[in-house]
Amino acid sequence: MSKHLTKFILWFVLLPASLYKKFGVEIPKLKSILNAKLLMDDRRVNGLYKTKSGQHDHNVSSATLITMFISLIMGAVFLTAFTFEKDLTCFTVYFSFVIIILSLFLITDFTQVLIDVKDNYIILPKPIRANTFIATRLLHIFIHVSKIVIPMSLPALIMIGITRSVWGAFSFIPIMILLTTFTLFLVNAIYLFILKIFSPEKFKSIITSVQIVFAIVIYGSFQLMPRMMNESGLNEADITDYTFIWLIPSYWFAGAWKFIYSFTPDMNLMICALLSVAVPIVSIWLVIKYFAPAFQNKLTLISSGSSSKQIKADTQDITNIHPGYSLLLAKIFTQNVAERGAFLFTWKMTTRSRDFKMKVYPQFGYLIVIIALMFYRSVSHHSINALLDGTADIRIPLLTLIYLSSFILLGAITQLPYSENFNASWLFHTSPLKNPGQIISGSIKATIVKFCLPIILFVMLASISVIGTQLIPNLLFGFVNTMLISSIIGRIMMNKLPFSSPRKNMSEGQNTAKGFFMLFVFGACAIPHYFLFNFNWVISIFTIISAGGTHMVLQSIKNISWSELKE
Amino acid sequence: MEPIISIKNLYKNYGKKEVLKGINLDIYPGQVIGYIGPNGAGKSTTVKILCGLLPDYRGEVIIKGLNLKTDSIQIKRLLGYVPELAELYEVLTPAEFLSLVGDLYELPPETTKTRMEKILAALDLKDNLHQRMDTFSKGMKQKVLIASALIHNPEIIILDEPLNGLDANTVIIIKHLISNLAKEGKTIFYCSHMMDIVEKVSEKIVLINDGRVVANGTFLELKDQLGDKSLEQMFAGLTSGNSLSGAAEEIILAMNQ
């Protein structure tokens, strides 16, 4: 299927071949380079998709179709903008969605797909004319962007055709083209900005962060946008009431569309139309003239790695290998040198490994979205006052909040054994440790301290200051239970050393089994807690029992032997 | 004298494929052994077995009187290992990586710190101590790995292609290091296919091919047995059936077609 698509795209972009020839482009070379690029695109996983599934880069062969499908879905979500009644408001919102999501899409795979620095070593040394090379780049960018933009704008196109008119849909097309051009410029500008401010080393991790934000924004918009649109009286809003709207580019494009659609000789609309033609043209010129060359230079720097020489020699004192508090925490929570080493190692790896961050951090974001959603709902159902004066039942919201943090940990702990750098784990196997359990327990403790403790402290302080100290026994019990759940999860899931395995797809069955098990442990702690909520003495006794249990489980993790490890 | 490493009838399979077909070898303390063989001969497999990375072998490996099957933890304490490819956790800095290594060998943190600082200074990496290794060249990573193999002052040092990616000056440092370590009484198991260096650094050369030892002795002994040839020629004679220059000729022919 995707093979035919590639063939069709190639055929399509080569239709004006005789025109290209006039510019000195060598058509056979153009064709074979583009063919190779499209093949590679098809086997590359998009940033968003990567965070969502455990799919390994190696066996993807129809990434194009997946990308197009995701764009289509996104385009359908954007339709929520059409609940606004005023044309200008509705289109401004729609175009804002497009600009934001398209930029995120492009930022995440710009370096990988569009400006491949390997070209410098592979294509440029070959006998190929500069014009041919430029043509392949431009066409490749054109194809890549079209793959995203066409499916993305399709739902709106149909929507406009139905709710406005066929002419309205027609006038939407040129506006989308201008908008896309503008977004390309924007992405270029963002990239150059990032490169200007941060060192090339930092660059990659910034891109990772952007990818994480991207995943969360998309997830959040799926969850929140339709609800908010339906429930509030927002749909009658008119953004033309505000003058600052002129600062928002999507407004210009909305005005331009309205101008073509309605042919009203309105001064504002005419200015909009003018801006939305002029700005993209100026920005293309800027990109070609200034941005692209600067860009290429910087990117070459990133991948060559030669830039490490430019970093000034570190004068840092040798005593500070581990920045202050991580060492302190390690000393508090671990009992011997090996466990402490593993604690510090995990502490750093979870911050720095792009791979781990890509997998785990979006989950935190999803959780924040879910919490926001719950809060949004409970606010609309109860009044906050009822919660404050104790007349409303706070058990369910509070317990959910407490036990949700163990879900965060589940995400982090299940990703702990995996790394792109897994080969480096020979280190653990050659070390003279009696039990690898010390490493595993150090690693699990680091994860708990790092990802669970801050939430616990935050929820505790927040709920004590809002509702009062009478919650302390319940909060303590909840959090000791969270620790217990986390260590049980750790004991069962971690049969591998940290960061020691290549990522594999988990089978559907394993996932379900895991989910059920989680629910079981979660229920076993949360349900009794719900019924015992008002008996402070009983709660206190159970807190001690639960703490003892946590200690035992952590000890048993320490005793995991080499033979219990799974390869 | 007791051999420090004694390998008897060592067999190892990967699935159905037999990689080691009965290796027998005695190595004495303070010796520098050059362990050579073509790609796929079983060099790295032997090394991995010695380091305790592949526990499911057949045969007997005794290191300093300890059986590798039963006392692998004690044995690991005696060994320093430089793996073949520069595999390390690249998002860490050398200081962080080496302190992890030190912790795994249960060294006092102070000792780790002083040793790593001095070793890396000697290897000209003092200025890079606190930089993440993802920007390092292959040679720089290799230096960190060498440091990680020495930091716990092991008695036996196993080097698997340690000179990969190192520049000429560093190669000289490593060569001196190997002979000084040997003077200190350390045993060195040097695994490589770079003949010229093996010829220079090793006292004893063990040549393996297809999972078997095909030659074993000092360079002079080998010359006596195999005729007055360079190590490269001996190697070619023992490990390659057909003529190697023939391959080059075929390539030239193909290019002219």
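The values are calculated or read from the model by the stated rules, or taken from the named source; none is laboratory data. Predicted, not measured: the structure shown is a model, and the values here were computed from it. Because the Cβ atoms are built from the backbone with ideal geometry, glycine has one as well, and the counts that use them run over all protein chains shown.
Answer yes or no as to whether B:Gln74 is surrounded by fewer than 18 Cβ atoms within 10 Å (Cβ to Cβ), under 25 Å from B:Leu53 (Cα atoms) and in contact with a strand residue (DSSP E or B) (Cβ under 9 Å, 6 or more places away or on another chain).
yes
Exactly one condition in (1) within 17 Å of the chain's Cα centre (by Cα); (2) within 11 Å of chain A (Cβ to nearest Cβ); (3) part of a helix (DSSP H, G or I) is not met by B:Lys143; state its number.
Condition not satisfied by B:Lys143: (2).
Take the residues in the stretch B:102-128 that are in contact (Cβ under 8 Å) with a residue 12 or more places away in the chain and among the small types (Gly, Ala, Ser), then tell me which one is farthest from the other protein chains (Cβ to nearest Cβ).
B:Ala122
With respect to the numbered conditions (1) at pLDDT below 85; (2) more than 7 Å from every other protein chain (Cβ to nearest Cβ), which one is the sole condition not fulfilled by B:Phe97?
Exception for B:Phe97: condition (1).
For A:Lys52, state whether it is surrounded by 15 or more Cβ atoms within 10 Å (Cβ to Cβ), basic (Lys, Arg) and either under 28 Å from A:Ser171 (Cα atoms) or at pLDDT 80 or above (or both).
No; evaluated as a whole, the condition is false for this residue.
Is it the case that B:Thr135 is at the interface with chain A (Cβ under 9 Å from one of its Cβ atoms) and over 23 Å from A:Phe422 (Cα atoms)? Walk me through it before giving the result.
Details: at the interface with chain A (Cβ under 9 Å from one of its Cβ atoms): yes; over 23 Å from A:Phe422 (Cα atoms): no.
No.
Where residues in the stretch B:40-67 are closer than 14 Å to B:Ile156 by Cα and in a loop (DSSP other than H, G, I, E, B), which of them is farthest from the other protein chains (Cβ to nearest Cβ)?
B:Gly65
I'd like to verify a number: residues in the stretch A:316-357 that are in a loop (DSSP other than H, G, I, E, B), at pLDDT below 85 and more than 9 Å from chain B (Cβ to nearest Cβ), how many?
The qualifying residues number 2.
Among the residues of the stretch B:153-166, is any surrounded by 16 or more Cβ atoms within 10 Å (Cβ to Cβ) and closer than 30 Å to A:Ala330 by Cα?
Within the stretch B:153-166, one or more residues are surrounded by 16 or more Cβ atoms within 10 Å (Cβ to Cβ) and closer than 30 Å to A:Ala330 by Cα.
So B:Leu85 clears everything in (1) surrounded by fewer than 23 Cβ atoms within 10 Å (Cβ to Cβ); (2) within 14 Å of chain A (Cβ to nearest Cβ); (3) in a helix (DSSP H, G or I); (4) within 14 Å of the chain's Cα centre (by Cα) except one condition, right? Which one?
For B:Leu85, the failing item is (3).
Return the pairs, sorted by first residue and then second, in which the second residue is of a type in the set (D, E, K, R) and assigned to a helix (DSSP H, G or I), the first residue lies in the stretch A:459-481 and is in the same structural domain as A:Ile396 (by TED's automatic domain parsing), the beta carbons are less than 9 Å apart, and the residues are 6+ apart or on different chains.
From the stretch A:459-481, the pairs are A:Asn474/A:Arg395.
Any residue in the stretch A:429-451 that is more than 8 Å from chain B (Cβ to nearest Cβ) and crowded, with 24+ Cβ neighbours inside 10 Å sitting within a Cβ distance under 7 Å of a residue that is among the acidic types (Asp, Glu) and in a helix (DSSP H, G or I)? List the pairs, counting only those 6 or more apart or interchain.
A:Gln438/A:Glu339; A:Ser441/A:Glu339; A:Gly442/A:Glu339
If I filter the stretch A:399-436 down to residues being in a loop (DSSP other than H, G, I, E, B) and among the hydroxyl-bearing types (Ser, Thr, Tyr), which single residue comes out as farthest from B:Leu107 (Cα to Cα)?
Here the answer is A:Ser419.
Quick one: B:Val19 ticks every box in (1) in contact (Cβ under 8 Å) with a residue 24 or more places away in the chain; (2) surrounded by fewer than 18 Cβ atoms within 10 Å (Cβ to Cβ); (3) more than 25 Å from B:Glu199 (Cα to Cα) except a single one, so which number is it?
Of (1) in contact (Cβ under 8 Å) with a residue 24 or more places away in the chain; (2) surrounded by fewer than 18 Cβ atoms within 10 Å (Cβ to Cβ); (3) more than 25 Å from B:Glu199 (Cα to Cα), only one is false for B:Val19: (2).
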